[in-house]
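Asks: Questions regarding the structure given below will be posed in turn.
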Amino acid sequence: DDLVAAGVDDRIRTQLTSRHDITLSSEVSARIAELGLRPGDAFEAGAALVTFDCRLFEAQLAKAEATLAGSTQSLAVVTRLVSLGSSGELELAQAQARAAEAEADSLYLTTMVDKCVITAPFEGRVSRRLARQHEYVTPGQPLLEIIDTGPLEVQLLVPSRWVPELQVGRRFRVSVDETGAEIE
């Protein structure tokens, strides 16, 4: 209103954009087991978008968990023997170190297995597919571009001379050319 009174045309071009527009990438080196989404396909938040063939990681995790179980039992036995005076502190320290190492291995491999499925961080649609099922991918390789289908944001560019007149909370109206809708 102040701008119109000053003889300034108050119409500017705006663009409605998605709040989130991201490219999902692989975090593991593996073959894509499932990637059935195509551009335009919708998905829910938390849905599996990409699944990798991680049988190798899963086998390594099973081995790490078995090693952890064995080292935990050994630690319990050595701890009991130390309390009875039948074993020394060195054996106890070594058993503790083996148990800690096995726990770290198990945690690492659990994390790797968790990366074998990429889930949707929000409800949206696929805008572009950059990989295909059965392809072997490496960490950092882009797989899918997705957009949020929730509330849109308005992006606008205004002349610098308008900056002093702009205020947080000031209302304005946007006319959407494609639909004819007006949003305030």
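The values are calculated or read from the model by the stated rules, or taken from the named source; none is laboratory data. Computed from a prediction, not measured in an experiment: that's the story for all the values here. Using ideal geometry, Cβ is built from the backbone for each residue, glycine included, and neighbour counts are taken over all protein chains shown. Ligands, DNA and RNA are stripped out before the accessible areas are found, and what is left, the full protein with its side chains, is counted by its heavy atoms. Shrake-Rupley method; radii C 1.70, N 1.55, O 1.52, S 1.80 Å.
Asks: Tell me, what % of the accessible area of the chain is carbon and sulfur with a 1.4 angstrom probe?
Replies: Details: 6390 of 12390 Å².
Exposed carbon and sulfur together represent 52 percent of the surface.
Asks: Could I have the simple spin-label model distance between residue 107 and residue 72, label points 7 Å from Cα toward Cβ, reported in nm to one decimal?
Replies: 1.4
Asks: Ok, one more. Accessible area per residue for segment 15-93 in Å², computed with a 1.4 Å probe and the full protein assembly in place, what is it?
Replies: That works out to 60 Å² for each residue.
Asks: Right, next: In segment 23-81, which GluC sites (Glu not before Pro) fall in coil by DSSP and have 15 or fewer other Cβ atoms within 10 Å? List each step's numbers first, then the result.
Replies: Working: sites: 27, 34, 44, 58, 65; in loops: 27, 44.
Taking segment 23-81 and a limit of 15 other Cβ atoms within 10 Å, the loop GluC sites (Glu not before Pro) found are 44.
Asks: Check each of the chymotrypsin sites (Phe, Trp or Tyr not before Pro) in segment 80-167 and keep only those in coil by DSSP with at most 12 other C-beta atoms within 10 angstrom; list them in order. Before the final figure, lay out each step's value.
Replies: Details: sites: 108, 122, 136, 162; in loops: 122.
Passing sites in segment 80-167 do not exist.
Asks: Once both axes come from the Cα atoms, what is the angle between helix 55-83 and the longest principal axis of the chain, in degrees from 0 to 90, rounded to 10?
Replies: Its long axis makes an angle of about 50 degrees.
Asks: What value, in deg cm²/dmol to 500, does the helix sum -39500 (n - 2.57) over DSSP H runs of n ≥ 4 give at 222 nm once divided by the residues of the chain? Display every interim value, and only then the final one.
Replies: On the way: 3 runs with 59 residues, N = 184.
So the helix-based figure for the chain works out to -11000 deg cm²/dmol.
Asks: Round to the nearest 10 and give me the degree value, 0 to 90, for the angle of helix 89-114's Cα axis relative to the longest principal axis of the chain.
Replies: Between the helix axis and the principal axis of the chain, the angle is about 30 degrees.
Asks: Using a Förster distance of 45 angstrom, determine the FRET efficiency expected from the C-beta separation of residue 12 and residue 115, and round it to 0.05.
Replies: Details: r = 44 Å, r/R0 = 0.98.
E(calc), rounded to 0.05, equals 0.55.
Asks: Taking every Cα atom in the chain, find the radius of gyration and the maximum pairwise distance Dmax, and write them in Å.
Replies: 28.4, 95
Asks: So, one more: Return one quarter of the surface area of the convex hull spanned by the alpha-carbon atoms of segment 77-134, equal to its mean projected area, in nm².
Replies: On the way: hull surface 29.5 nm².
For segment 77-134, averaging the hull's shadow over all directions gives 7.4 nm².
Asks: Which trypsin sites (Lys or Arg not before Pro) does segment 103-169 hold that lie in a coil by DSSP with at most 14 other beta carbons within 10 Å?
Replies: Numbers: sites: 115, 125, 128, 129, 132, 161; in loops: 115, 132.
Here the sparse-neighbourhood loop sites are 132.
Asks: Dipole of the chain, Cα-centred, from +1 at each Lys and Arg C-beta and -1 at each Asp and Glu C-beta, to the nearest 20 debye?
Replies: On the way: 18 positive and 28 negative charges, 76 e Å.
Approximately 360 debye in magnitude.
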